[in-house]
Amino acid sequence: ISNDPSPGYNIEQMAKKGTQYVELPYTVKGMDVSFSGILSFIEEAANKMLRSGQCTAEDLCFSLQETVFAMLVEITERAMAHCGSQEVLIVGGVGCKYITV
């Protein structure tokens, strides 16, 4: 998937059309996350799943976003609990797309 016009843009557009969640590797250990399992899974299994009709490319993009978001929310909540905070500041372009005013 092309990174033009910006990184992640095309994945976001495809994810909006995804309807089926495909279980992807979810690796959170304490405050650490690992995305290598997701990348390896998609590289190895995506073509097979797409050819067999198990899912669409849009479903994989949707599942990738949902899984990564869940992992990041988990460690953010853990950090907040550890620090006794009830507020978090999420900044930057990637974070902005998940914030609704």
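The values are calculated or read from the model by the stated rules, or taken from the named source; none is laboratory data. Here the structure is a predicted model, which means the values were calculated and not measured. Backbone-built Cβ (ideal geometry, glycine too); neighbour counts: all protein chains shown. Ligands, DNA and RNA are stripped out before the accessible areas are found, and what is left, the full protein with its side chains, is counted by its heavy atoms. Shrake-Rupley method; radii C 1.70, N 1.55, O 1.52, S 1.80 Å.
Each row is one residue, and each column tells you yes or no for (1) over 20 Å from Glu12 (Cβ atoms); (2) touching a Lys or Arg at 6+ places or on another chain (Cβ under 9 Å).
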position: Glu23; (1), (2): yes, no
position: Gly30; (1), (2): yes, yes
position: Phe35; (1), (2): no, no
position: Leu39; (1), (2): no, no
position: Leu50; (1), (2): no, no
position: Gln54; (1), (2): yes, yes
position: Phe69; (1), (2): no, no
position: Val73; (1), (2): no, no
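Could you tell me how many of the residues in segment 36-67 are open to solvent by 80 Å² or more (accessible area, probe 1.4 Å) and modelled with pLDDT of 90 or more?
So the answer is 4.
Just give me the residues in segment 2-21 being within 15 Å of the chain's Cα centre (by Cα) and closer than 18 Å to Leu39 by Cα, in sequence order.
Within segment 2-21, Pro7, Gly8, Tyr9, Asn10, Ile11, Glu12, Met14, Ala15, Tyr21 qualify.
Give the residues of segment 12-32 that are open to solvent by 50 Å² or more (accessible area, probe 1.4 Å) and of a type in the set (A, V, I, L, M), sorted by residue number.
Within segment 12-32, just Met31 meets the criteria.
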